[in-house]
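Notes for the one structure printed next.
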Amino acid sequence: MIEFTLHPTLATDCHVLGSWRDIRLLLHRDAQVRWLILVPETSAGDWHELPGGLRDRLVAASSALSAMLRSDFACDKVNVAAIGNLVPQFHFHVIGRWRTDPYWPGVVWGRVVPGCVYEDGEVRRVKARALECLPGSGA
């Protein structure tokens, strides 16, 4: 296991919700969309470099979280992406979108609406639900 440090941009832009099987689970601070970010605790920089087991867990987590976003938040669409041009640390976006969100139909990155942030109670609710829906969480 490597020593893991979250990239400063991710640490600033997100609430840390917890860890699941060597994957850090984050919630982007922009409350206009439900924007989860999964960060495998690895030095790998790209999808093809991830160890097979970790890649499998990332797929399982993103699938479970996508289903949770659709069912719990009635998102019209769930987008998943691993871009990483500005933040070099490998991370995987799972973003619940509504046709009524201010970014629709475009991308969300770089377009944050100032001041639209989560209340502490909502962060706790998203955290509990996200961690509960992950495979093998015991829920």
Give me the residue from the range 114-139 that is surrounded by 12 or more Cβ atoms within 10 Å (Cβ to Cβ) and aliphatic (A, V, I, L, M) and, out of that set, farthest from the chain's Cα centre (by Cα).
VAL117
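Pull up the range 9-60, narrow it to residues that are among the aliphatic types (A, V, I, L, M), part of a helix (DSSP H, G or I) and farther than 23 Å from ASP101 by Cβ, then point me to the one that is nearest to the chain's Cα centre (by Cα).
The first filter runs over the range 9-60 and keeps only residues among the aliphatic types (A, V, I, L, M), leaving 10-11, 16-17, 23, 25-27, 31, 33, 36-39, 44, 50, 54, 58-60.
Among the residues that remain, those that are also part of a helix (DSSP H, G or I) are: 10-11, 54, 58-60.
Subsequent filtering for residues that are farther than 23 Å from ASP101 by Cβ retains 11, 54, 58-60.
Details: ALA11: 12, LEU54: 16, LEU58: 11, VAL59: 12, ALA60: 13 Å.
It comes out as LEU58.
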Positions within the range 61-102 being part of a helix (DSSP H, G or I), aliphatic (A, V, I, L, M) and surrounded by 15 or more Cβ atoms within 10 Å (Cβ to Cβ), in sequence order
ALA61, ALA64, LEU65, MET68, LEU69
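Could you check how many residues of the range 56-85 are of a type in the set (A, V, I, L, M, F, W, C) and touching a helix residue (DSSP H, G or I) at 6+ places or on another chain (Cβ under 7 Å)? Full working, then the answer.
Going through the range 56-85, the residues of a type in the set (A, V, I, L, M, F, W, C) turn out to be 58-61, 64-65, 67-69, 73-75, 78, 80-83.
Among the residues that remain, those that are also touching a helix residue (DSSP H, G or I) at 6+ places or on another chain (Cβ under 7 Å) are: 64-65, 68, 75, 78, 80, 82.
Matching residues across the range 56-85 total 7.
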Number of the condition not met by SER62 [criteria: (1) under 21 Å from HIS7 (Cα atoms); (2) in contact (Cβ under 8 Å) with a residue 60 or more places away in the chain; (3) among the small types (Gly, Ala, Ser)]:
(2)
Conditions (1) touching a Lys or Arg at 6+ places or on another chain (Cβ under 8 Å); (2) surrounded by 19 or more Cβ atoms within 10 Å (Cβ to Cβ); (3) among the β-branched types (Val, Ile, Thr): number failed by ILE37
(1)
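With touching a residue at least 24 places away in the same chain (Cβ under 8 Å), closer than 14 Å to ILE37 by Cβ and part of a loop (DSSP other than H, G, I, E, B) as the only criterion, which of VAL108, VAL126 stands out?
Values: VAL126 fails: part of a loop (DSSP other than H, G, I, E, B).
On inspection, the qualifying residue turns out to be VAL108.
Where a number appears in this text, it was derived from the coordinates with a stated rule and is not lab data. Computed from a predicted structure; not experimentally measured. For neighbour counting, all protein chains shown are included, and Cβ atoms are generated from backbone atoms with ideal geometry for every residue, glycine included.
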